[in-house]
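Accompanying notes for the structure given below.
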Amino acid sequence: MGYQNISFPENSLFLVTGGAGFIGSNLCEAILSLGYRVRCLDDLSTGKQKNVDIFLENPSYEFIKGDIKDLATCMKACEGVDFVLNQAAWGSVPRSVEMPLFYCANNISGTLNMLEAARQNGVKKFVYASSSSVYGDEPNLPKKEGKEGNLLSPYAVTKRADEEWAKQYTRHYSLDTYGLRYFNVFGRRQDPNGAYAAVIPKFIKQLLSGEVPTINGDGKQSRDFTYIENVIEANLKACLAPREAAGEAFNIAYGGREYLIDIYYGLTAALGVDIEPNFGPDRAGDIKHSNADISKAKELLGYDPEWSFDRGIKAAIEWYRENL
Ligand SMILES: NC(=O)c1ccc[n+]([C@@H]2O[C@H](COP(=O)([O-])OP(=O)(O)OC[C@H]3O[C@@H](n4cnc5c(N)ncnc54)[C@H](O)[C@@H]3O)[C@@H](O)[C@H]2O)c1
């Protein structure tokens with residue numbers, strides 16, 4: 001279980017794109033803690049300089065400020081790299097509905113540049129962030145790889161396209177690619193601010209500062225909220241996955257199902273506040289329920305998540321109490 005005992009060849013170099021963001025900075029931290037080298041490539045468009053500054057004194061950490069939309073930057077960043085963990089992208093379903101062209105350039109062409117740069121530099125494994133949004137309107141639960149529905153947003157299109165491009169790079173150029181379909185990740189360093197913030201950090205911050213949070217819809221939507229430690233485990237295990245599992249995408253979640261309204265009242269209880277939420281309209285492009293069948297990742301990547309939602313949310317609350 002977990003990733004603490006995973007080992008790679010000595011001196012391995014990981015490139016984390018989007019390493020100044022929430023998931024990427026946690027990946028950088030984990031890799032450094034295991035004693036390997038990390039290069040972070042990020043344009044700081046949604047990421048934070050402070051997520052870079054915390055590692056800058058570590059000689060095994062290197063930061064390149066750059067944009068994956070630029071192939072030359074990707075080529076340079078891939079020099080000497082063993083493993084790529086490609087996290088750079090813009091998230092948020094509603095924002096992608098507002099900016100489809102940007103999402104196509106950033107999330108699809110950017111990842112394609114990274115695939116090409118990884119291929120040309122002889123990278124061993126290319127692991128990349130996909131998303132549960134690729135299941136679209138598929139009604140059956142739990143969501144299972146191979147049973148995807150109609151896509152509901154430009155963001156989902158970008159993640160689906162990334163999977164298809166990665167598959168081509170495995171098929172034609174023997175680059176070992178592994179797509180990780182994250183399901184609503186949460187945990188330390190996730191940004192609680194802004195109109196497009198994820199719901200858990202946003203609610204924690206609002207409740208801690210006495211604001212009244214708004215729940216979109218009736219709160220009866222459910223998600224497979226996944227603690228960041230499980231996502232780190234999946235990325236590192238994918239770097240050691242067999243070639244036979246390349247060209248595939250995997251659900252990365254805990255395999256549970258949490259209702260938003262229950263999370264809300266769980267947070268008010270844990271934070272010791274008595275604030276009733278406002279209810280707003282449903283968000284365009286959102287799906288009502290989502291939870292994952294994680295058997296494929298278990299079987300082919302050896303993924304074995306050890307952080308339940310309850311354990312993760314306690315750790316997240318503790319972190320936000322100390323760091324907000
Ligand atoms: N957080 C989730 O619940 C979740 C769920 C599904 C998929 N994902 C995917 O996981 C990845 C990481 O998400 P996150 O939650 O950490 O988001 P984040 O916004 O915190 O991190 C993304 C990082 O990518 C960087 N970036 C964006 N475009 C870039 C570009 N063109 N060049 C270089 N850097 C660029 C940003 O500056 C940021 O630091 C994304 O690909 C996202 O789509 C996240």
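Every number in this text was worked out from the coordinates using simple rules, so none of it is lab data. Here the structure is a predicted model, which is why all the values come from computation and not from measurement. Glycine also receives a Cβ, built like all others from the backbone with ideal geometry; neighbour counts cover every protein chain displayed.
Observations on the model:
- Residues TYR128, TYR320 arranged by fewest to most Cβ contacts within 10 Å: TYR320, TYR128
- For the range 147-233, the C-alpha radius of gyration divided by 2.2 N^0.38 Å, with N the number of residues, is 1.41.
- Fewest-first sequence of LEU324, LEU101 by Cβ atoms within 10 Å of each Cβ: LEU101, LEU324
- Of the chymotrypsin sites (Phe, Trp or Tyr not before Pro) found in the range 178-220, not one falls in a DSSP loop while having at most 14 other beta-carbon atoms within 10 Å.
- Volume of the Cα convex hull of the range 65-197, divided per residue and given in Å³: 127 Å³
- Once the Cα atoms are used to define both axes, helix 22-34 deviates from the longest principal axis of the chain by about 60 degrees.
- Shape of the range 201-324, Cα gyration tensor, a/c cut at 1.5: prolate
- Three-way shape label, the range 135-178, alpha-carbon gyration tensor, a/c 1.5: oblate
- Put a dot 7 Å past the Cα of LYS65, heading toward its Cβ, do the same for ALA197, and the two dots end up 2.5 nm apart.
- Among the trypsin sites (Lys or Arg not before Pro) in the range 184-264, those placed in a DSSP loop whose Cβ has at most 15 other Cβ atoms within 10 Å are LYS220.
- Amide H to amide H distances under 5 Å link ALA88 with THR17, GLY18, where only residues 5 or more positions off or on other chains count and H is placed in the peptide plane.
- Remark on SER12: its backbone amide H falls under 5 Å from those of ARG37, a criterion applied only to residues 5 or more positions apart or on other chains, H modelled at 1.01 Å from N.
- Averaged over residues, the count of other Cβ atoms within 10 Å places the peptides 295-302, 19-26 in the sequence 19-26, 295-302, highest first.
- Taking amide H as placed 1.01 Å from N in the peptide plane, the amide H of ILE215 sits under 5 Å from that of ASN278, PHE279, GLY280, each at least 5 places away or on another chain.
- The range 1-62: GluC sites (Glu not before Pro) in DSSP loop, at most 11 other beta carbons within 10 Å: GLU10, GLU57
- Hydrodynamic radius by Kirkwood, which averages 1/r over all alpha carbon pairs of the range 1-109, in angstrom: 14.5 Å
- This model, with +1 at the C-beta of Lys and Arg and -1 at the C-beta of Asp and Glu, gives the range 115-233 a dipole about its Cα centre of some 180 debye.
- Per-bin percent of Cα-Cα distances, the chain [20 Å]: 33, 60, 6
- Here the chain is assigned +1 on the Cβ of each Lys and Arg and -1 on the Cβ of each Asp and Glu. Its dipole about the Cα centre then comes out at about 320 debye.
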